[in-house]
Amino acid sequence: MSDKDTTYQVPIGPIHPALKEPFMINFRLDGETIVDADPHPGMNHRGIEFMGMHRNPLKVIPLAERICGICSIVHQHMFTTAVEHAAGIEPTNRARYIRTIMAELERIHSHVLWAGVAAHEIGFDTHLHFTWKIREKVMDLLEFITGNRVNYAMWTVGGVRRDITKDMYPKIEDTLTYYESLYTKLEDIFLGDPSIRLRTKDIGILTKEEALRLCGVGPTVRASGVKKDVRIDQPYAAYGDLELDYIIPSKFGYENTGDVFSKTLVRLKEVVQSIDLIRQCVDQMPDEDIDSEPKKAVLLNKLKKADGEGIGRLEAPRGEAFHYVRLKEGREELDNWKVRASTYNNLATYAPMFMGEQIADIPIIAACIDPCIGCMDRAVVVDVSTGQKTDYDHEDLHKLSVEKTKRMLGGSL
Amino acid sequence: MKLTKTFDKALWVFHVNSGSCNGCDIEIVAALTPRYDVERFGIKLVGSPRHADVLLFTGPVTRKMKDRVLRVIEQTPDPKVVMVVGNCGSTTGVFYDSYAIDGPIDTLLPEGTPIVYVTGCPTRPENLINGVKEAWLFLEKLRGDDK
Amino acid sequence: MPTSTVFTLIKQLLTKKATNPFPVKYTPGNMHAAASLIESGKLSINPPVDIPPNFRGKLSYDVESCIGCKLCLKVCPSEALAFKPDEKKVKHYVSRCTFCGQCVNICPKDCFVLTDEFLMAGLDNYSDELVLNP
Amino acid sequence: MKKSKLPMSMDQIESYFKDNLKDSIRDFKKEEIKKGLKQRPMKLIWFTVDRKSFRRAVKLLSKIQIPHLSVTSGSDIGDHVELIYHFAVNYGYRGDEVSVSIKVHLPKDDLTIPTITDMVPGAITTEREKQEFLGITVKGIPDSRRLWLDEDFPKDRYPWRWDETGMEKMSRYVHDMDEAANTPTVKNLRTRGDDDE
Amino acid sequence: MNAQDWLIRILFILVIPFVGIFFGLLYKGFDRKITAMMQSRIGPPLRQPFRDIRKLFMKENIVPDHAVEWIFHASPIFALLAPLVALVYLPIGPFEPLMEGFGDLILILYLLAIPAVAMAIGGLASGSPYATVGAQRELVLMMSYEFPLAIAAVTIAWKFESFSLAAISSTSVWSLVGPLGALGLLLITLGLFAVLPGELSKAPFDQAEAETELAGGLFVEYSGRNLGVFYLSEAVKMVVVGALLIALLFPQNISQWYSFGGPHVAGFALFNLAADVLFFLLKLLIIIFLGVSVVRVALARFQIDKASYFYWVPMTLLGLLGTVLVVLEGAI
């Protein structure tokens, strides 16, 4: 089990209960202490960018949504923004407000979800159950607005597909007050509970310098005191009209340590911010059409003629997401599409965070950047034309069964 | 493979994400939490395929995952039931034309493995429970309890 | 030990549970027997959590009014719709659908409607209920 | 090299780069997209830079502020490959962040670019990705292993290229048996366990 | 002792494993149900563990290729046998222990250590890296909680001047001490309750099988019958540790406080016996509720070094302080 240098390797993943998604990190351990971490992404590559380059923009919207089911709003929002930028289509202002409300609702759901997952990773299932129980409320609201709990299909190029009408306001307000009433409890659990503090304080530290150099994004770096938030820095949708400020721990009287605790703090405080932003949006919502081009056949024609490139940047619950789209005249499909999700940038921040920590901290540190592997791994390609053998017949299966255990030692589950 | 009545009342589930978008995965976790609570049916999420009775697959199989998926299938002791959650696992869904995808999960399974398909994109947690119900019905039919 | 957590837990032990016991509270002894009881009305199942209006469930397709314009094929993201040239109608595979509803929006004759049905699970992903207009 | 205090305006950034890089800079484009009721602009700068001056451009940029590299996107346009480094500076200032997208053109017969990981350590992920997806060689990259692709993946195939080194065929999954029978790359979903290629 | 007594004794020894397993599984079901209810869920029915066991016993039993097969199979058996043997030495409610000797308390402490060792050996024999880490953790944890447990046991034995459980459980230890000693005993009780989740590998001391960290840890390679035997061992251990706690600290029988009729009236004697048994089961239930269920849901899993520290420093000090108080009072 131990070599001469007393270190040994334990691969975590790709199928591992701590990671709900396929992802692998190879750890070199000395006893229970991590001396090296080497992430191996790519298990979830589905070649989405490539698929997108062979489909027209309207077909890509549901595809972009399925880059990730937790941040399904993020990618459709950014994709449509990038296409609008490239084709010169203006969405209506009401659509911008509805997009903002949806994005903030998703932030609430995502952060509450994260809190539950984090509790689960440190073996505190009670709080997993508690947070997911209260998360159902915003899921109900999202389902009420869009017609589905997870994939919302709200976006289209030039606007949104469903309106948030006046009779929906009470239900939104009801949800917001529900979260406000429960917020102190949530904070009490995640910031006050001694056994959670024991597991999150001074664990997985990312310094401000490292955060900036490694181009980290979102709550991961804001917890280290970096002021980076696309919603404020470079306002998109309706954020330019709203009042909001950077959420960093020092604003609330904590130190900007960048450990798991401050990341939790930032995420929880963002829930409050989201509630406030949704209220502002509902108050200021202009009375307009929700879609600048309701005739989709006409829109498709317009997009076919468009020529240009556009980018979309957005502050997803996990940090900045980025889409680059290029349209070519006469080509119905996208000419180029580059998706960059938050986890892609935050991947590099794993190395300093894992160093010197324990095996027991692997799940919580892995979870503390709120990894979204589905987002990150969107593109993979394996050649079919070379006709590599990838099928297994019964003989191969038998051989596998003989070899598997040998591999289990060196490889992973 | 002998099936007894208790088998369907104590289904231990191992969840494999073979390249899905997370949509179904969070709905699976949601099914475990208080609102839906599948533990009342004796269903439990376990950490190792060795302990599992049901393999819950989400997503199409990506090339890099195929090997692992096969290994998980083969590490699971018999008798076992496979549940495919979501449309991309059953027919590749929206990822139909990527060559990074090695097809839906049912093409990789050994002949005769019982499969339950749960349709939806993603499915609601209730539909998952409905899928479990279908599995019960199927298991009862297998051992001839379907009077 | 965190006292407030313990108090909450004791409170939750005594108060009503958050679970919606769909379809039945515990595993029935025999599902077939239970199913026949439900059919004869002797046993009622607990309904699922309410679905909202405008829920995006299984698609319904009106074959008669379809004019075969193929617009829906242009927006279907997953090729769940297949054109039948001899009939000039489309065929819909529910097990491939993404339930995005773009075909509903673009259809000039309103052939498609998103229904409330979402309880779809079975042993066959190409069963009769899951292929419309086969 | 002189630069103004943060946050720098778009004009300042323009003159800063144009003064320092002179001729090696082309197609300078400034964009302001106004959004929302208050018409707050989103500021974008695009420019193309020669390959030999590329590192200098990044160095200049990092003098302004530690630059935030969003990602590098790349596309195959005919006889050369275009790389776009999407940077952002002026973060931390409300509404002032400017996306600086630096384009570099690499001719197909010499697909190399110097690394910028010494100035921007976070660029490692995206540089490794460009190596495997576009067939570019990043000179001086500290870790040149594959990141996303399988080790079995052929070394001379690059998925984002449109030329002969790109991907030609892909398997497509359909329900229709006839279509599957006629096209070799199309696979039928309805026959189980029949996964031959 | 005549032949008839021996016959009855052997009969009881044959029956008691089944009784132990039955109640072990029942309390496990209770623990799961109450845990679920505290988390605002309905939870599984009480008989769920019985179903799990029956299912596990019909499943395929896979032996990993690189495992040492006989150790792999033997360790679950040892893990189950040890607590079953311990059960024979424990007083159950109104019944005296079936077997007794002068040092049976020491014997029980050793028997309680066997399942942990067997689990660790089984984990190491299965060869998976996760199981190896799990085995290391199990052993570290075992070394940690044994010390406070031993301190508590020795203090109580000192008070009785005997290591015989029959002697210890015949009188309540609380009646032998004054106020100062009672305070000491209270500290010892706290220490014993802290040992309970560690001994039973329940959260927050389930590091050895931590699902999110080690994917099942020790048991990662076990399936089918072997896993079922471990499951049973865990259940029986719960009863044994609970019964030990009762024997050491709360051995009172309810019939001591009231009794119907006299001991001469056969019907009432039977009634008193039944009441005592029920009271014993209730005590066990309360101990499991307080020591396992509540702790399990109210705390996060500790890191292994912090768990070890918890037992070595605060709990050991607590135990020693209790001992000092008890001894001090005896000296005065």
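The values are calculated or read from the model by the stated rules, or taken from the named source; none is laboratory data. As the structure is a computational prediction, the values presented were derived from the model and not from experiment. Virtual Cβ from ideal backbone geometry, glycine too; neighbours counted across all protein chains shown. In case anyone asks, the SASA skips ligands and DNA or RNA and just uses the protein heavy atoms, side chains included. Shrake-Rupley method; radii C 1.70, N 1.55, O 1.52, S 1.80 Å.
Summary table
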| quantity | calculated |
| --- | --- |
| Nonlocal amide H pairs with D:Lys35, under 5 Å, H built at 1.01 Å | D:Arg40, D:Met42 |
| Cα gyration tensor, segment A:169-247 - rounded (a/c under 1.5), prolate or oblate | oblate |
| Sites E:Leu11 and E:Trp312, calculated FRET efficiency, Cβ-Cβ separation with R0 41 Å, nearest 0.05 | 0.40 |
| Buried area at the A-B interface (accessible, heavy atoms, 1.4 Å probe, summed, Å²) | 4600 |
| Column: log10 I(q)/I(0), Debye, Cα scatterers of the protein assembly as shown, q = 0.07 Å⁻¹ | -0.70 |
| Kyte-Doolittle mean at least 0.0 and Cα axial length at least 27 Å: DSSP H helices in chain E | E:3-38, E:69-88, E:104-126, E:129-160, E:179-199, E:224-249, E:266-288 |
| Simple label model, 7 Å out from Cα along Cβ direction - D:Lys59 to C:Cys69, nm | 6.1 |
| D:Glu32/D:Asp163 FRET efficiency (R0 35 Å; Cβ-Cβ; nearest 0.05) | 0.45 |
| Full-extension gain in nm, A:Arg28 to A:Asp174, via 0.36 nm per residue minus C-alpha separation | 47.6 nm |
| Cα centre as origin, Lys/Arg/Asp/Glu Cβ charges: segment B:5-142 dipole, Debye | 260 |
| Viscosity 1.002 mPa s, 20 °C: Kirkwood-radius Stokes-Einstein D of chain C over Cα pairs, µm²/s | 115 |
| Where trypsin sites (Lys or Arg not before Pro) fall in DSSP loop in segment C:1-108, at most 11 other Cβ within 10 Å | C:Lys16, C:Lys42, C:Lys70 |
| Proportion of all alpha-carbon pairs of segment C:59-132 beyond 22 Å (%) | 16 |
| Volume in Å³ per residue [convex hull over Cα atoms, computed for segment B:5-142] | 95 |
| Segment D:8-125 - charge dipole about Cα centre, Lys and Arg +1 at Cβ, Asp and Glu -1, debye rounded to 20 | 460 |
| Loop-located trypsin sites (Lys or Arg not before Pro) in segment A:203-308, at most 14 other Cβ atoms within 10 Å (DSSP) | A:Lys295 |
| Loop-located GluC sites (Glu not before Pro) in segment C:1-106, at most 16 other Cβ atoms within 10 Å (DSSP) | C:Glu64, C:Glu87 |
| Estimated D of segment E:3-331 in µm² per second, where Rh is the Kirkwood radius over Cα pairs and Stokes-Einstein applies at 10 °C, 1.306 mPa s | 77 |
| Estimated 222 nm signal from helices in the protein assembly as shown, with DSSP H stretches of n ≥ 4 weighted -39500 (n - 2.57), rounded to 500 | -14000 deg cm²/dmol |
| Calculated FRET value between A:Met355 and C:Ser40, using beta carbons and R₀ = 56 Å, to 0.05 | 0.30 |
| For the pair C and B, total buried accessible area rounded to nearest 100 Å², probe 1.4 Å | 3400 |
| Percentage relative contact order, chain E, counting C-alpha pairs under 8 Å, at least six apart | 27 |
| For the protein assembly as shown, accessible area per residue (1.4 Å probe, heavy atoms of protein chains only), Å² | 34 |
| Given charges at beta-carbon only (K, R positive; D, E negative), |dipole| of the protein assembly as shown in Debye | 1620 |
| Accessible surface of the protein assembly as shown, 1.4 Å probe, proportion on carbon and sulfur as whole % | 59 |
